[in-house]
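**Q** Have a look at this one before I ask anything.
None of the figures in this text is laboratory data; all of them are computed from the coordinates on show. Quantities reported herein were computed from a predicted structural model and do not represent experimental measurements. Cβ: placed from backbone, ideal geometry, glycine included. Neighbour counts: every protein chain shown.
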Amino acid sequence: PPAPSNRVLDEQRTFDEQLRPTRLSQVIGQRKVKERLQIVLDATRMRQTPLGHLLLDGPPGLGKTTLATVIPRELDTEIQFTSGPALKAPKDLVPYLTNAISGSVLFIDEIHRLPPAVEEYLYSAMEDFRVDIVLGEGTNARTLSIDLKPFTVIGATTRSGMLTAPLRDRFVHQERLTYYDTAELTEIVQINAKKLSSDISDDAAREIAIRCRGTPRRANNLLRWARDYAEVHGGGTITDDIANRALEMREIDKHGLDEQDRRYLTTLIDVFTGGPAGLSTLSHSLSIPADTLEDEVEPFLLRTGLIRRTPRGRTVTPAGWEHVGRAKPDNDGD
Ligand code: ADP
């Protein structure tokens, strides 16, 4: 049986799938990104050549996979899915490349985690639509060069800074997704409540929007929780009161911080007197992988001004001290 963490991941994926917009017109927000993509899509259709390789960058849950799946639908073509960690050696990439039909999309999630050998192999595939494959072993080995159909790589990354320059340069288009505002998130919650056939008041949708840290995936997860809560404790309708009680039970505060976020702040305050503390030191103290801290916890704390990144490490700002109800000592040396 799969490990529990995989089951949780699979379930999240199925849920994401169910709530994913299918056309560009249904994608909420990201106005400028959508406008630019629309132009590229129109030009691609007119020229009847494959779309140039596209890199999507941004924190988890902001819609990278969503955009990547919408694009082939708009172009009426196929998409294949893989990810950086799944491609351990060049040979793992070969079937995707040879299966790609002309104009189709190969989506590579977490492309910053491609092993260097696979990354290099991908260069020539992306640039010349040609790869070398080695047949046989040792002295009998011979290299066969094969032509590929022109296709499009859509890469998704939470860390474009970790991509090597040669890989980044092979992307003709690069788009960065940013956090959503409350109005956009309210709309996403309302649309997705309909998809889940659940009733939600406007106030409740807004409450979830305010407390989802600008992230649609989080909004969806909170909506799902509020729906369960409403079914058990109310008549099934997610009223403002039900939403508030549901969020309170999940210990999500007025700003959308959860227990883990607050523990980050209190650890930085209690163990490191507010910092500075390095990422790996913090990761050890919290028993949370450094990647998770950097990708999923810190961006929101930085954006809301509760922490700061300095050359010597992370520090809690006065607003951060206040948020967890601690008094910042005077004269603490920084
Ligand atoms: P990422 O690939 O960036 O981690 P996803 O594309 O999987 O994020 O988005 C997670 C979920 O959030 C989707 O299933 C979808 O329901 C919702 N979502 C994300 N972006 C949008 C958007 N722009 N409009 C509507 N829903 C969105």
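**Q** Determine, for each peptide in 264-277, 316-329, the mean count of other beta carbons within 10 angstrom over its residues, then list the peptides with the highest first.
**A** Packing proxy ranking, top to bottom: 264-277, 316-329.
**Q** May I pose another question? Express the C-alpha Rg of the stretch 129-231 as a ratio against the empirical globular expectation 2.2 N^0.38 Å, rounded to two decimals.
**A** 1.81
**Q** Oh, and also: Step through the table entries Lys64/Lys254; Lys64/Lys195; Lys34/Lys254; Lys32/Lys64; Lys254/Lys328; Lys88/Lys149, compare each Cα-Cα distance with 25 Å, and write down the pairs that go over it.
**A** Listed pairs above 25 Å: Lys64/Lys254; Lys34/Lys254.
**Q** Given H placed 1.01 Å from N in the peptide plane, which residues other than close sequence neighbours of Gly155 have an amide H under 5 Å from its amide H?
**A** Here Leu54, Leu55, Leu56, Ile108 satisfy the definition.
**Q** Quick one: length gained pulling Ser280 to Thr143 fully straight, 0.36 nm per residue minus the C-alpha distance?
**A** 45.0 nm
**Q** With Cβ to Cβ distances under 13 Å as the rule, what net charge do the other residues near Lys149 carry (K, R +1; D, E -1)?
**A** Net of charged neighbours comes to -2.
**Q** What number, rounded to the nearest 500 deg cm²/dmol, is the helix-based mean residue ellipticity at 222 nm of the chain, given -39500 (n - 2.57) per DSSP H run of at least four residues and division by all its residues?
**A** -14000 deg cm²/dmol
**Q** Taking only the Cα atoms of the stretch 213-334, how large is their convex hull per residue, in Å³?
**A** Per-residue hull volume (Cα only) is 110 Å³.
**Q** Compute the length gained on full extension between Lys194 and His173: take 0.36 nm times their separation in residues and subtract their Cα-Cα distance, giving the result in nm to one decimal.
**A** 4.2 nm
**Q** How high is the relative contact order of the stretch 72-172, in percent, counting Cα pairs under 8 Å that sit 6 or more residues apart?
**A** It rounds to 30 percent for the stretch 72-172.
**Q** Right, next: Pick out, from Ala290, Thr267, Tyr229, the residue whose Cα sits farthest towards the positive end of the charge dipole of the stretch 209-308, with +1 on the Cβ of Lys and Arg and -1 on the Cβ of Asp and Glu.
**A** Tyr229
**Q** How much length would be gained if the chain were fully extended between Arg130 and Thr98, taking 0.36 nm per residue of separation minus their Cα-Cα distance, in nm to one decimal?
**A** Extending this stretch completely gives an extra 10.5 nm.
**Q** Continuing with the same structure: If you wrap a convex hull around the C-alpha atoms of the chain and split its volume per residue, what is the figure in Å³?
**A** 171 Å³
**Q** If you place +1 on the Cβ of every Lys and Arg, -1 on the Cβ of every Asp and Glu, and leave all else neutral, what size is the dipole of the stretch 123-240 about its Cα centre, to the nearest 20 Debye?
**A** The dipole of the stretch 123-240 has a size of about 260 debye.
**Q** Taking 7 Å along the Cα-to-C-beta vector as the label spot, tell me the Thr22-Tyr123 distance in nanometres, rounded to one decimal.
**A** For the pair Thr22/Tyr123, the computed spacing is 4.1 nm.
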